[in-house]
Amino acid sequence: MSAGPPLARDRFDLPQGLIYLDGNSLGALPCVTRSHLDAVMREQWGRDLITSWNKHGWIDLAHRVAARLAPIVGARPNELLITNSTSVTLFKLLGAAVGARGGRSVILSEEGNFPTDLYVAQGLADLLGLQLRTVAPDRLEQAIDSKVAVVTLTHVDFRSARRHDMAAINSAAHAAGALTVWDLSHSAGAIALDLSGSDCDLAVGCGYKYLNGGPGAPAFCFVAERLHDQLRSPIQGWMGDARPFDFDPSFVPAEGIQRFATGTPPILALAALDCGVATYDGLAMSDVERASASLSEAFIAGVGRICDGQVRLESPAQAPKRGSHVVFSHPQAYAVMQALIERSVIGDFRAPDLLRFGFCPLYNSLEEIERAAAILGDILRDRAWDDPRYHARAAVT
Ligand SMILES: *Cc1c(COP(=O)(O)O)cnc(C)c1O
């Protein structure tokens, strides 16, 4: 197989002529999702109804999807589970981590982390009488002291795409007796990860970005096998119990990763996520990462050449320091992005002045990247963004 992008264009149902550079925010629709969901509805829910829990293995579906995901994130299948949203899963993992580090009072994170990550950490800290401390990303390692129970970071920054050195931070945290919880929302499916090899404790990641699981797809959680017996989810639901169908009033955590399950698994959403994760079948993440780097490098070079200093690169210049998206700043970023979208180039705007472009090497081609840079160049040269209709803000930006 060639390692040049696109690696698997025929696996996606994308509108003709559209240049979709937002797979880091909502992955494209895989071709098989529609027929698979239709079959699950007709032959399982519709025909076999409740017997499907056994007959079609609904009860284990979250584990089967997790097993398919394992090589994409460099984890063992028994260390992964598909559970709730990213936000709720993060609450569970942070709660489990601070519970295992009793006596330590600090949750450490970074300024500029994704807001939901900080909100969840603050909510948990308020509930338990702990302190959320945030520091600049380059001061993290010094800030890990003996009060820190857990360090929680987003591996690839949602704005700048800056990539943390996961192994180095894990090792600094462990040396100080703390645990780590990584948010892999902008990493999983974008770059090669080795959660086991880099000694990660806990991690969460979004199902609807590069994993193509569909809007609001459930997130995955990773818990290193060596920690399974020591950790308890703070949301004790019956699906995390050792014997849910005994209906016993006292909770006994299940063995292994299953103790992080909460309620009844969302079967339709899991079926869609299964198709999304399957778009990576047969692909090596080292090839995906290399193809991603060639797309982002071509875009940065093209924009540099065509846009003549009108936008500024706000992402690290070297591909190994980034995830799979890049951002440029422009004072009229919102209007510029609206003008791009009208010309069938979909990226997104991030307040206050960022133009963000995500590259999915499964479906984006080098030719699309060059065309997108040229269209951006036209908009800037002609000041096409300077039109009132590009300045009206919608509810979702
Ligand atoms: C996309 C994203 C989320 C999304 O959280 P949801 O609960 O799925 O809405 C959380 N954290 C990060 C870093 C993200 O990029």
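The values are calculated or read from the model by the stated rules, or taken from the named source; none is laboratory data. Note that this is a predicted model, so its numbers are computed, not measured. Positions of Cβ are backbone-derived with ideal geometry, glycine not excepted, and every protein chain shown enters the neighbour counts. Just so you know, the surface numbers come from the protein's heavy atoms only, side chains and all, with ligands and any DNA or RNA stripped out. Shrake-Rupley method; radii C 1.70, N 1.55, O 1.52, S 1.80 Å.
Per-structure values
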| read-out | value |
| --- | --- |
| Residues within the stretch 99-125 that are more than 16 Å from the ligand (Cβ to nearest atom) and in a loop (DSSP other than H, G, I, E, B), tallied | 5 |
| Close pairs (7 angstrom Cβ cut-off, 6 or more residues apart or separate chains): free of Cβ contacts under 8 Å to residues at least 24 places away in the same chain in the stretch 119-148, part of a strand (DSSP E or B) and buried (at least 17 other Cβ atoms within 10 Å of the Cβ) anywhere | Q122/L132; A125/I107; A125/L132 |
| Qualifying residues in the stretch 293-326 (those that are in contact with a strand residue (DSSP E or B) (Cβ under 9 Å, 6 or more places away or on another chain) and in a helix (DSSP H, G or I)) - the one surrounded by the fewest Cβ atoms within 10 Å (Cβ to Cβ) | P320 |
| Close pairs from the stretch 71-98: first in a loop (DSSP other than H, G, I, E, B), partner among the hydroxyl-bearing types (S, T, Y), Cβ under 7 Å, at least 6 apart | G74/S196; A75/S196; R76/S196; T83/T89; T83/T262; N84/T262 |
| Counted residues, the stretch 198-210 - those being part of a loop (DSSP other than H, G, I, E, B), open to solvent by less than 10 Å² (accessible area, probe 1.4 Å) and either free of Cβ contacts under 8 Å to residues at least 40 places away in the same chain or more than 11 Å from the ligand (Cβ to nearest atom) (or both) | 2 |
| When residues of the stretch 67-82 are limited to those that are among the small types (G, A, S) and touching a helix residue (DSSP H, G or I) at 6+ places or on another chain (Cβ under 6 Å), the one surrounded by the fewest Cβ atoms within 10 Å (Cβ to Cβ) | A67 |
| Extreme residue, surrounded by the most Cβ atoms within 10 Å (Cβ to Cβ), among residues of the stretch 371-397 that are touching a residue at least 60 places away in the same chain (Cβ under 8 Å) and within 26 Å of the chain's Cα centre (by Cα) | A372 |
| Hits in the stretch 159-197 - residues which are of a type in the set (D, E, K, R) and either without any contact (Cβ under 8 Å) to a residue 12 or more places away in the chain or away from the ligand (no atom under 15 Å from the Cβ) (or both) | D165, D194 |
| Residue within the stretch 23-41 that is within 16 Å of the ligand (Cβ to nearest atom), open to solvent by 50 Å² or more (accessible area, probe 1.4 Å) and within 30 Å of E370 (Cα to Cα) present | yes |
| Restricting the stretch 83-97 to residues that are surrounded by 22 or more Cβ atoms within 10 Å (Cβ to Cβ) and more than 13 Å from the ligand (Cβ to nearest atom), the residue that is nearest to A217 (Cα to Cα) | A96 |
| A278 being within 16 Å of the ligand (Cβ to nearest atom) and in contact (Cβ under 8 Å) with a residue 40 or more places away in the chain | no |
| Subset of the stretch 262-279 (residues that are in a loop (DSSP other than H, G, I, E, B) and open to solvent by less than 10 Å² (accessible area, probe 1.4 Å)) | T279 |
| Subset of the stretch 126-152 [in a strand (DSSP E or B) and in contact with an Asp or Glu (Cβ under 6 Å, 6 or more places away or on another chain)] | T134 |
| Qualifying residue in the stretch 72-83 (condition: at pLDDT below 95, within 21 Å of G189 (Cα to Cα) and among the polar types (S, T, N, Q)) | yes |
| Count of residues meeting criterion [open to solvent by 10 Å² or more (accessible area, probe 1.4 Å), at pLDDT 95 or above and of a type in the set (G, A, S)] in the stretch 344-370 | 2 |
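Yes/no matrix, rows are residues, columns are (1) polar (S, T, N, Q); (2) out of contact with any Ser or Thr (no Cβ under 6 Å at 6 or more places or on another chain); (3) under 30 Å from V40 (Cβ atoms); (4) modelled with pLDDT under 95:
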{"position": "A272", "(1), (2), (3), (4)": "no, no, yes, no"}
{"position": "G276", "(1), (2), (3), (4)": "no, yes, yes, no"}
{"position": "Y280", "(1), (2), (3), (4)": "no, yes, yes, no"}
{"position": "L283", "(1), (2), (3), (4)": "no, yes, yes, no"}
{"position": "D287", "(1), (2), (3), (4)": "no, yes, no, no"}
{"position": "L295", "(1), (2), (3), (4)": "no, yes, no, no"}
{"position": "A298", "(1), (2), (3), (4)": "no, yes, no, no"}
{"position": "C307", "(1), (2), (3), (4)": "no, yes, no, yes"}
{"position": "V311", "(1), (2), (3), (4)": "no, yes, no, no"}
